[in-house]
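Working notes, structure below.
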Amino acid sequence: MAAMMQPQIILLKEGTDTSQGKAQLVSNINACTAVADVVRTTLGPRGMDKLIHDDKGNVTISNDGATIMKLLDIIHPASKILVDIAKSQDSEVGDGTTTVVLLAGEFLKEAKPFVEEGVHPQNLIRSYRTACNLAIEKVKELAVSIEGKSLEEKKSLLAKCAATTLSSKLIGGEKEFFASMVVDSVIAIGNDDRLNMIGIKKVPGGTMRDSFLVNGVAFKKTFSYAGFEQQPKKFVNPKILLLNIELELKSEKENAEIRLSDPSQYQSIVDAEWNIIYDKLDKCVQSGAKVVLSRLAIGDLATQYFADRDIFCAGRVSEEDLQRVSAASGGTVQTTVNNIIDEVLGTCEIFEEKQVGNERFNIFSGCPSGRTATIVLRGGADQFIEEAERSLHDAIMIVRRAMKNSTVVAGGGAIDMEISRYLRQHARTIAGKSQLFINSYAKALEVIPRQLCDNAGFDATDVLNKLRQKHALPSGEGAPYGVDINTGGIADSFSNFVWEPSVVKINAINAATEAACLILSVDETVKNPKSESAQGEAAAGAMGGRGGGGFRGRGRGMRRR
């Protein structure tokens with residue numbers, strides 16, 4: 001009777017959704033497997049592309065795991081972890097984004113039967129972490145260094161790494177052409193870590209082969225006023241002045257009040273405004289600069305003034321382009337035109353304005369410090385050029401990583417098979433349940449070569465059996481063997497130059513294991529009913545309270561005396 005009288009305890013708000021226990025964990029694993037299935041078919045040189053159409057009507061065609069994951073807009077809380085590891089792999093290494101999602105999904109899939117049979121998730125997590133450390137040690141052991149080679153040799157080795165990355169992208173057909181371009185651009189920026197020193201400009205039209213690399217800076221011709229066409233369009237060894245000021249006639253601010261006792265004084269005020277701008281322009285000319293670039297507008301008066309004196313000018317140059325010109329030419333961006341000394345002026349061997357497709361480009365080449373490069377991409381459709389840019393970003397990141405951590409491993413699923421064999425062998429030395437878990441981890445690693453076969457339309461079972469036999473040879477000569485995409489058999493990936501930097505594999509195995517362990521360690525999900533409406537209100541509040549800007553007037557012109 002006493003038990004009947006106890007009041008019911010209400011802990012959480014009404015409408016709160018809680019799910020826990022084994023069913024909850026299995027549901028999370030299923031959700032992550034579903035996400036991995038979305039990007040599964042994009043892996044490898046024969047991977048398919050995904051067309052994603054968002055609510056704004058933008059269409060993206062992509063093969064890049066991280067891009068697809070970002071655009072999918074996943075709302076399942078556990079699956080979001082896979083999106084995060086794809087993003088982190090993209091920002092850390094650049095390539096291997098599909099690999100990392102696939103591995104995480106496969107680790108969870110292998111853990112699912114154990115969870116259903118009542119194994120405690122912590123046992124699985126412990127074994128997975130052990131297996132992860134063993135796998136990373138093995139990758140480091142198998143990695144081959146490319147240090148100490150001459151520049152030419154290093155260039156060709158880096159180009160092979162870039163070609164391996166590009167082979168799985170849309171521009172895979174021209175991978176040699178783009179690989180050498182990527183290597184040249186990365187070597188051009190040297191040890192500079194800023195990726196934005198490599199500019200990628202997109203110009204629709206032409207074919208992929210019309211793309212070219214500028215050892216310097218190139219940017220689209222900016223908005224220009226009358227008088228622009230009279231300016232010279234080519235200089236040899238010009239001095240370059242970089243500004244962050246407006247060279248425009250400024251009228252007084254609206255709230256300024258000037259009281260005049262004599263009407264003739266009004267003219268002196270107008271004259272003063274004109275004298276200010278002419279004084280600025282005179283100082284620019286006296287500095288000896290032949291190319292004047294500014295982040296803010298260069299007005300019609302200034303454009304004509306420079307044209308009369310054979311000086312090229314461009315206003316409203318984007319911040320990024322201006323910084324790249326500054327880094328390449330050795331100039332410094334000025335916020336005043338007073339006291340311009342030679343030290344703040346940049347220079348380059350050749351400046352010219354060139355027609356590329358329908359656009360005109362300002363090109364600075366032969367820069368003294370040369371710490372920048374620009375790739376101008378051509379192609380038929382906009383979506384195609386966008387995807388080419390994403391592919392090149394991956395290749396650039398890979399080449400940079402390979403230059404810094406100069407060790408490579410065999411690609412094409414070879415390294416995955418070798419680690420899998422090593423872990424199976426190691427598992428036999430362990431007594432207890434852990435043996436089964438490490439075995440399942442080893443089996444999960446085989447997903448990479450299996451998926452490479454499936455995507456190319458080969459018989460995965462047949463190829464994997466050949467690979468297992470090759471990798472099991474006691475001499476260890478089979479270690480570099482991976483899937484041969486061209487013939488549907490197996491081949492020595494190392495001698496076929498299918499290489500990838502070891503840092504890609506290490507990062508992918510690490511991130512995938514971490515994500516799998518994180519999802520396995522969740523045993524309860526609590527969904528707060530208020531959270532959605534609260535987010536909506538916050539977003540609405542942030543949109544309000546935007547003010548409008550003011551307007552500027554213009555004065556009348558004064559004749560130059």
* Structure fact -> The residue from GLU273, GLU257, GLU246 that alone is more than 30 Å from ARG360 (Cα to Cα), in contact (Cβ under 8 Å) with a residue 24 or more places away in the chain and open to solvent by 10 Å² or more (accessible area, probe 1.4 Å) is GLU273
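Just wondering, is there one or more residues in region 410-424 that are in a loop (DSSP other than H, G, I, E, B), small (Gly, Ala, Ser) and open to solvent by 40 Å² or more (accessible area, probe 1.4 Å)?
So in region 410-424, the residues in a loop (DSSP other than H, G, I, E, B) come out as 411-413.
Then keep just the ones that are small (Gly, Ala, Ser); that gives 411-413.
Then keep just the ones that are open to solvent by 40 Å² or more (accessible area, probe 1.4 Å); that gives none.
Within region 410-424, not a single residue is in a loop (DSSP other than H, G, I, E, B), small (Gly, Ala, Ser) and open to solvent by 40 Å² or more (accessible area, probe 1.4 Å).
Yes or no, residue by residue, for (1) surrounded by fewer than 18 Cβ atoms within 10 Å (Cβ to Cβ); (2) farther than 19 Å from ILE519 by Cβ:
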position	(1), (2)
THR67	no, yes
HIS76	yes, no
ILE81	no, no
LYS87	yes, no
ASP90	no, yes
VAL93	no, yes
THR97	no, no
VAL100	no, no
* Asked: With respect to LYS466, is the statement that it is touching a Gly at 6+ places or on another chain (Cβ under 8 Å) and buried (at least 24 other Cβ atoms within 10 Å of the Cβ) true?
  -> no
* What number of residues in region 374-392 are at pLDDT below 85 and either of a type in the set (Val, Ile, Thr) or outside any helix (DSSP H, G or I) (or both)? -> 3
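Considering every residue within region 362-370, establish whether at least one is among the hydroxyl-bearing types (Ser, Thr, Tyr), closer than 23 Å to GLU319 by Cβ, assigned to a loop (DSSP other than H, G, I, E, B) and touching a residue at least 24 places away in the same chain (Cβ under 8 Å). It would help to see each step written out before you state the result.
From region 362-370, those among the hydroxyl-bearing types (Ser, Thr, Tyr) are 365, 369; that's our starting set.
With closer than 23 Å to GLU319 by Cβ added as a condition, the list becomes 365, 369.
Those still in the list that are assigned to a loop (DSSP other than H, G, I, E, B) too: 369.
Add one more test, that the residue is touching a residue at least 24 places away in the same chain (Cβ under 8 Å), and what stays is 369.
Scanning region 362-370 turns up at least one residue that is among the hydroxyl-bearing types (Ser, Thr, Tyr), closer than 23 Å to GLU319 by Cβ, assigned to a loop (DSSP other than H, G, I, E, B) and touching a residue at least 24 places away in the same chain (Cβ under 8 Å).
A quick yes/no check of all residues on (1) buried (at least 16 other Cβ atoms within 10 Å of the Cβ); (2) within 30 Å of THR372 (Cβ to Cβ); (3) basic (Lys, Arg); (4) in contact with a strand residue (DSSP E or B) (Cβ under 6 Å, 6 or more places away or on another chain):
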site: ASP262; (1), (2), (3), (4): no, no, no, no
site: SER268; (1), (2), (3), (4): no, no, no, no
site: ALA327; (1), (2), (3), (4): yes, yes, no, no
site: THR336; (1), (2), (3), (4): no, yes, no, no
* Within region 24-78, considering residues that are over 20 Å from SER88 (Cβ atoms) and of a type in the set (Ser, Thr, Tyr), the one nearest to the chain's Cα centre (by Cα) -> THR60
* Looking only at region 125-156, and only at residues there that are of a type in the set (A, V, I, L, M) and open to solvent by 20 Å² or more (accessible area, probe 1.4 Å), the one that is modelled with the highest pLDDT -> LEU134
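Quick check, is ASP342 touching a residue at least 24 places away in the same chain (Cβ under 8 Å), open to solvent by 10 Å² or more (accessible area, probe 1.4 Å) and within 25 Å of ALA226 (Cα to Cα)? Walk me through how you get there before you give the answer.
Working: touching a residue at least 24 places away in the same chain (Cβ under 8 Å): yes; open to solvent by 10 Å² or more (accessible area, probe 1.4 Å): yes; within 25 Å of ALA226 (Cα to Cα): no.
No: the conditions fail for ASP342.
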* To do: Consider only pairs whose beta carbons are under 8 Å apart and that are at least six residues apart or on different chains; among these, list those whose first residue lies in region 389-404 and is within 14 Å of PHE178 (Cα to Cα) and whose second residue is surrounded by fewer than 24 Cβ atoms within 10 Å (Cβ to Cβ) and among the basic types (Lys, Arg).
  => GLU389/LYS202
* First in region 112-126 and aromatic (Phe, Trp, Tyr), second anywhere and not in a helix (DSSP H, G or I), Cβ under 8 Å, 6 or more apart -> none
* When residues of region 190-202 are limited to those that are modelled with pLDDT under 85 and not polar (S, T, N, Q), the one nearest to ASN358 (Cα to Cα) -> GLY199
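Restricting attention to region 130-161, and to residues there that are assigned to a helix (DSSP H, G or I) and under 18 Å from MET397 (Cα atoms), which single residue is nearest to the chain's Cα centre (by Cα)?
Step one: filter region 130-161 for residues assigned to a helix (DSSP H, G or I), giving 130-142, 151-161.
Remaining after also requiring under 18 Å from MET397 (Cα atoms): 154-161.
Details: LYS154: 24, LYS155: 22, SER156: 23, LEU157: 22, LEU158: 19, ALA159: 19, LYS160: 20, CYS161: 17 Å.
It comes out as CYS161.
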* Structure fact -> Output for Cβ contacts, cut-off 8 Å, separation at least six or different chains, first residue farther than 15 Å from GLN425 by Cα in region 461-475, second open to solvent by 50 Å² or more (accessible area, probe 1.4 Å) and in a helix (DSSP H, G or I), reads LEU464/ARG450
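Please find, among GLN355, GLN304, the residue that is touching a residue at least 40 places away in the same chain (Cβ under 8 Å), open to solvent by 50 Å² or more (accessible area, probe 1.4 Å), more than 17 Å from ALA188 (Cβ to Cβ) and not in a loop (DSSP other than H, G, I, E, B). Working first, answer last.
Details: GLN355 fails: touching a residue at least 40 places away in the same chain (Cβ under 8 Å).
Result: GLN304 is the single residue among GLN355, GLN304 that is touching a residue at least 40 places away in the same chain (Cβ under 8 Å), open to solvent by 50 Å² or more (accessible area, probe 1.4 Å), more than 17 Å from ALA188 (Cβ to Cβ) and not in a loop (DSSP other than H, G, I, E, B).
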* Structure fact -> Counting only residues that are open to solvent by 50 Å² or more (accessible area, probe 1.4 Å), hydrophobic (A, V, I, L, M, F, W, C) and in contact (Cβ under 8 Å) with a residue 40 or more places away in the chain, region 425-450 contains a total of 1
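Is it true that ASN510 is open to solvent by 20 Å² or more (accessible area, probe 1.4 Å) and assigned to a helix (DSSP H, G or I)? Give the steps one after another, and end with the answer.
Numbers: open to solvent by 20 Å² or more (accessible area, probe 1.4 Å): yes; assigned to a helix (DSSP H, G or I): yes.
Criteria met by ASN510.
Would you confirm whether or not region 276-298 contains a residue that is of a type in the set (A, V, I, L, M, F, W, C), open to solvent by less than 30 Å² (accessible area, probe 1.4 Å) and farther than 26 Å from ARG360 by Cβ? Spell out the reasoning first.
Keep residues of region 276-298 that are of a type in the set (A, V, I, L, M, F, W, C), which gives 276-277, 281, 284-285, 289, 291-293, 296-298.
Cutting the leftovers down to open to solvent by less than 30 Å² (accessible area, probe 1.4 Å) gives us 277, 281, 284, 289, 291-293, 297-298.
From what is left, the residues that are farther than 26 Å from ARG360 by Cβ are 277.
Scanning region 276-298, I find at least one residue that is of a type in the set (A, V, I, L, M, F, W, C), open to solvent by less than 30 Å² (accessible area, probe 1.4 Å) and farther than 26 Å from ARG360 by Cβ, so the answer is yes.
With GLY478, GLY482 as the choices, which residue is assigned to a loop (DSSP other than H, G, I, E, B) and open to solvent by less than 10 Å² (accessible area, probe 1.4 Å)? Lay out the reasoning, then the answer.
Numbers: GLY482 fails: assigned to a loop (DSSP other than H, G, I, E, B).
Step by step, each of GLY478, GLY482 is checked, and only GLY478 is assigned to a loop (DSSP other than H, G, I, E, B) and open to solvent by less than 10 Å² (accessible area, probe 1.4 Å).
The values are calculated or read from the model by the stated rules, or taken from the named source; none is laboratory data. Every value quoted in this text rests on a predicted model; they were computed, and no experiment measured them. Neighbour counts run over all protein chains shown; Cβ positions are idealised from the backbone, glycine included. All accessible areas refer to the heavy atoms of the entire protein, side chains included, with ligands and DNA or RNA removed. Shrake-Rupley method; radii C 1.70, N 1.55, O 1.52, S 1.80 Å.
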